[in-house]
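Here you go, one structure.
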Amino acid sequence: MINFIKEQLAVWKLKRSLHKYIRPDRAFLQSARTRFITLAQQSRFGQNAHSDAKSRILDSDKAESRRAGVTVRAKHPRSWKYATIAIVAVLSMTSGMAVFADASNVPVTHPLYSLKRLSEQIRLGLSTPEQQVELHQIFAQRRLEEASELETNHDDRPITPESQTRINGLDNDFQKETEHGLDKTQDPQVHAAARAKFCQDILDIIQQDAPTNPLPSPMVDHIKTRCADAVKTPGN
Amino acid sequence: MATKDQFNTQAEALQKGDSRSAERIFDHFSGPIYAFFMARIRHKETAQDLTQEVFLKVIKSIEQFDRKSGDFTAWIWQIARNSAIDYFRHKKPSYLADLPDEGTNISEERVKSDESAKVREIMDIVESFSPEEQELFQQHFVADISYTELARITGKTESALRVAIHRLRKKLIPYLND
């Protein structure tokens, strides 16, 4: 009987000691209780509470992962953040390179050449009709210079078929720029003087460029015909 | 014959967002569940995290609770047990080894006292018992769960549990009288 009482007493003491050392902090219990009750109240409002609970669960998942030694990040917000940063970085770099390519007038063989052409289109799109006439003249001159440069590169050796295709393409682009410029001069907002200047400049360019890059005669004739009236009647 | 689990009604009220029921459920289960984790993991912050996790899972899954499938007491304790299992499955192997002395987190201020040393010693001894005995120790001796509740949780009869706990007690007695 005494042994039984002793055993009971020993077990009671053990339980008391365990409870003493394994009881939760009051502060922790209070905050966990508040959170639980708040979530329970919110659950009657359906979706909001559910999403909040989900975010809480996500927090607890993070805590669990932290304990497991794994770093887990909230997937969607972070991935959007990184995606936005990446898009902004790519756009900044691309626009920077395009501006550089345009400003430094890179040659046709340059890796940034396509960006230069893209930049030209953007500049045209953002300009007034009169500015567009001027830009078409500048770009037409660029095409001829690019074609001449390609030919100059082959001074000491025959032009490869690939380069010849490019030169022909640039000549066509010159003609297109000129045509677009001439079309644009018909815009009522463009003064006659601007049209005359455009044609005069284009004809000068053709003349200057003739020794190195003789344009096909029909092309030159066509430009001359379209410009003839304008040059003759600058006061219109 | 098993008595009706009073928390089934509370759980059904919780499904409707009743805060009173939430209070009762938390007040009744939080202490034992925390103690259960503490006895198993012996790390205060982890036990707190896991306890919170159990209650968050309760909110998340309360819609799925159906008294026809089982009592709420068994249901919430199953969540706690699963959380402990998940913890041990995913935990970093060296995690507990980071602790300078096992159980120091139980109560750092009193770690040097004889009483806490005794508690640690008993818990170390229990670790050498079978998993069923360990769980019974954690639930009955540490979490102080009654026979009736234990019967709900484990699905065993109260008399079977009394026998098992009596055996466990006999096993512990030699270490308690030192």
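The values are calculated or read from the model by the stated rules, or taken from the named source; none is laboratory data. Note that the structure is predicted; figures quoted are calculated from it, not measured. Note that we place each Cβ from the backbone using ideal geometry, even for glycine, and neighbour counts take in every protein chain shown. Keep in mind that these areas ignore ligands, DNA and RNA; they rest on the heavy atoms of the full protein, side chains included. Shrake-Rupley method; radii C 1.70, N 1.55, O 1.52, S 1.80 Å.
Remind me, what semi-axes does the range B:120-178 give for its equivalent ellipsoid, largest first in whole Å, using sqrt of 5 times each Cα gyration tensor eigenvalue?
Its equivalent ellipsoid spans semi-axes of 21, 11, 10 Å.
Something else about it: Report the Cα-based extents of the range B:6-176 along its three principal axes, largest first, to the nearest Å.
48, 36, 27
Now a separate question. Using a 10 Å cut-off around each Cβ of peptide A:27-36, what is the average number of partner chain Cβ atoms that fall inside?
Working: counts 0, 8, 7, 0, 2, 9, 6, 1, 5, 13.
The mean count of partner-chain Cβ atoms within 10 Å per residue comes to 5.
A further question follows. How do B:Tyr175, B:Tyr87, A:Tyr113 stack up against each other in accessible area, from largest to smallest, with a 1.4 angstrom probe?
Reading off the accessible areas and sorting them downward yields B:Tyr175, A:Tyr113, B:Tyr87.
For the range B:1-40, state what percent of all Cα-Cα pairs lands in each successive 10 Å bin, counting from 0 Å until the bin that includes the largest distance.
Percent of pairs per bin, in order: 28, 40, 29, 3.
Can you check how the C-alpha radius of gyration of the range A:127-232 compares to 2.2 N^0.38 Å, as a plain ratio?
1.12
Okay, moving on. In nm, give the distance between the simple-model label positions of B:Phe88 and A:Gln186, each being 7 Å from the Cα along the Cα-to-Cβ direction.
With each label point 7 Å from Cα toward Cβ, the separation is 8.7 nm.
If you take the accessible area of A alone plus B alone and subtract the pair, what total do you get in square angstrom, rounded to 100, with a 1.4 Å probe?
Looking at A and B, the buried total is near 4300 Å².
Continuing with this model, one more query. What's the average, rounded to a whole number, of partner chain beta-carbon atoms within 10 Å of each residue's beta-carbon in B:23-32?
Per-residue shielding by partner chains comes out at 3.
Here is a follow-up. Taking the Cα-to-Cβ direction at A:Glu7 and at A:Ile138 and moving 7 Å from each Cα, how far apart do the two end points lie in nm?
Distance between label points: 10.2 nm.
Let me ask something additional. Taking the range B:6-176, how many lysine pairs are there with alpha carbons less than 21 Å apart, if each pair must be eight or more places apart or span two chains?
16
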